[in-house]
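To keep things clear, I will list the structure first and then write my remarks on it.
Laboratory data are not the source of any read-out in this text; all were calculated from the coordinates shown. Everything quoted here is computed from the prediction, not taken from an experiment. For neighbour counting, all protein chains shown are included, and Cβ atoms are generated from backbone atoms with ideal geometry for every residue, glycine included.
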Amino acid sequence: MRELRKLPKAHLHLHLTGSARLATVRELADKYGISLPSELVNEEAGWGDGGREWSHFQFRYDAARQTIQSAEDVRRIIREAAADDAAEGSRWLELQVDPSSYARHLGGLDQAVEIMVDACHDAARTAGIGIGLLLAVSWGASRDQAERVALLAARYAHRGVVGFGISNDERLGEPDAFVSASHIARDAGLLIAPHTGCYTDHSHVRRCVELLGARRIGHGITAATSNSTLEILAQNQVTMEICPTSYLPLGLFPALAQVPVTEFQRAGVPVALGADDPLIFGTRLIGQYEILRDVHGLSDQSLADLASQSVRACTAPAEVTKQLLAEIDRWIR
Ligand SMILES: [Zn+2]
């Protein structure tokens, strides 16, 4: 059995606060005199039967996010996320952040993005990996808010912003409201990568592809239930960012074995494994590959295929992806 740590991969689904180490969040909470909810502080406090839903996740995430109050906090979290990713064989990391959630403490929306872009640049150099930033808006955002963030993303397209995302609870919005913002982002050469298909059905996923031009989908698990949507995803080679450890706590599946990776693979739809929010769900990137090996019974060849799919779907320059694909090839040979 080959070492998964040595398998080169791209990590395409990781959120800023969710990427933080628990120890760091505890330290920051002490620094600012914030008392964290026991569910977050106590690693043993699991997700009881009553707790497996979006609101419980959001409560924990919001509490942790409050501990990020300065440029130095942002720099530290991104630096540590990059180091942790690099240690697991991730060679290209794409971090997703909704800058409006951090703007209040960081001097406004524009300044928040400036800080994050610089932090990614420094962290990439220190960790020896590539980092791209996706700016996201909430599915609950207005058309104006979405356009504003898309314009900001476009402005930073040559300074490390690689994509435009839509995050938070997808039941809050319809793809139609994000058409103009997606146009702005696409015109700037940015990737469109919305979260969808957890609590909404496959048609919400399909409309993200058809109306917004999404090239990657955060989760999109309900798409696996529809042959016609699978066909559209395969035709357009839209990559699904699947994060196995997120779905049980969110009440979407009762068991890890049900996470639809092979369903997408069989339909010819690429999959990139991601950790989403290791702070909340407790597992980083390697753990996702381990689940596919241990629970789904994937061979080393299939795991290498998944790593290749993550690399093909990333926004790294062509010479970087070529190099990584060659290294994946060497891992399997
Ligand atoms: Zn996510």
query = Dividing the convex hull volume of the alpha carbon atoms of the stretch 53-157 by its residue count, what do you get in Å³ per residue?
reply = 109
ask   = Between GLU53 and ALA257, what is the spin-label point distance in nm, taking each point 7 Å from the Cα along the Cα→C-beta axis?
value = 2.8
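In square nanometres and to one decimal, what's the mean projected area of the convex hull around the Cα atoms of the stretch 99-211? Don't jump to the answer; show the numbers that get you there.
Numbers: hull surface 28.7 nm².
Projected area, direction-averaged: 7.2 nm².
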query = Can you list the residues of the stretch 147-168 with backbone N under 20 Å from a point 7 Å past the Cα of ALA267, pointing along Cα to Cβ?
reply = none
query = What nm distance separates the two modelled labels at SER38 and ALA83, each placed 7 Å from Cα along Cα→Cβ?
reply = 3.2
inquiry  = Can you tell me the mean projection area, over all orientations, of the convex hull of the stretch 233-274's alpha carbons? Units nm², please.
reply    = 2.8
inquiry  = Residue by residue through the stretch 234-246, what is 3J(HN,Hα) from phi via Karplus (6.51 cos²θ - 1.76 cosθ + 1.60, θ = phi - 60°)? Round to whole Hz and write x for glycine and proline.
reply    = 5, 4, 8, 6, 7, 8, 8, 8, 9, 10, x, 7, 7
remark   = Calc'd 3J(HN,Hα), the stretch 67-74, phi into Karplus 6.51 cos²θ - 1.76 cosθ + 1.60 (θ = phi - 60°), Hz, glycine/Pro = x, comes to 7, 9, 10, 9, 4, 5, 4, 4
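What FRET efficiency comes out for SER226 versus LYS31 if R0 is 41 angstrom and r is the Cβ-Cβ distance? Round to the nearest 0.05.
Working: r = 48 Å, r/R0 = 1.17.
With R0 = 41 Å, the Cβ-Cβ based efficiency is 0.30.
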key: Whichever aspartates and glutamates have a C-alpha closer than 19 Å to that of LYS31, once near sequence neighbours (fewer than 8 apart) are set aside   = ASP62, GLU72, ASP73, GLU80
Charge context of PRO244, other residues only, Cβ under 10 angstrom, K/R +1, D/E -1 = -2
ask   = Zone of SER70 (label point 7 Å along Cα→Cβ, backbone N under 16 Å): which residues in the stretch 16-41?
value = 24-34
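Give me the tail of P(r) for the stretch 218-333 as a percent: Cα-Cα pairs with distance above 18 Å. Don't skip to the answer; put the middle values down first.
Details: 3433 of 6670 pairs.
Taking all Cα-Cα pairs of the stretch 218-333, the fraction more than 18 Å apart is 51 percent.
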remark   = Here FRET efficiency (C-beta to C-beta, LEU22 to VAL295, R₀ 30 Å, nearest 0.05) is 0.80
query = Whose amide H sits under 5 Å from the amide H of GLN96, counting only residues 5 or more places off or on another chain, with H placed in the peptide plane?
reply = LEU14, HIS15, LEU16, LEU134
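With the radius of gyration and the Kirkwood radius both derived from the Cα set of the stretch 154-259, what is their ratio Rg to Rh?
Working: Rg = 13.9 Å, Rh = 14.2 Å.
Result for the stretch 154-259 is an Rg/Rh of 0.98.
Under the definition of Cα pairs under 8 Å and six or more residues apart, what whole-number percent is the relative contact order of the stretch 81-149?
Values: 71 pairs, mean separation 28.3, N = 69.
Relative contact order for the stretch 81-149 comes out at 41 percent.
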query = Using the reciprocal of the averaged 1/r over all distinct C-alpha pairs, how large is the Kirkwood radius of the stretch 248-304 in Å?
reply = 12.2
query = Near the amide H of LEU248, under 5 Å away, which other amide H atoms are found, from residues 5 or more places off or on another chain, if H is placed in the peptide plane?
reply = PHE253
key: For the chain, alpha-carbon Rg relative to the globular expectation (2.2 N^0.38 Å, N residues)   = 0.92
remark   = Distance in nm between ASP62 and HIS105 label points, each 7 Å along Cα→Cβ, equals 1.5
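Dipole of the chain, Cα-centred, from +1 at each Lys and Arg C-beta and -1 at each Asp and Glu C-beta, to the nearest 20 debye?
Values: 33 positive and 42 negative charges, 149 e Å.
About 720 debye.
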query = Okay, helix-only estimate at 222 nm for the chain: each DSSP H run of n ≥ 4 adds -39500 (n - 2.57), divide by all residues, round to 500 deg cm²/dmol; what do you get?
reply = -14000 deg cm²/dmol
remark   = Which residues qualify? For ILE131, with a placed amide H closer than 5 Å and at least 5 residues away or on another chain, they are LEU93
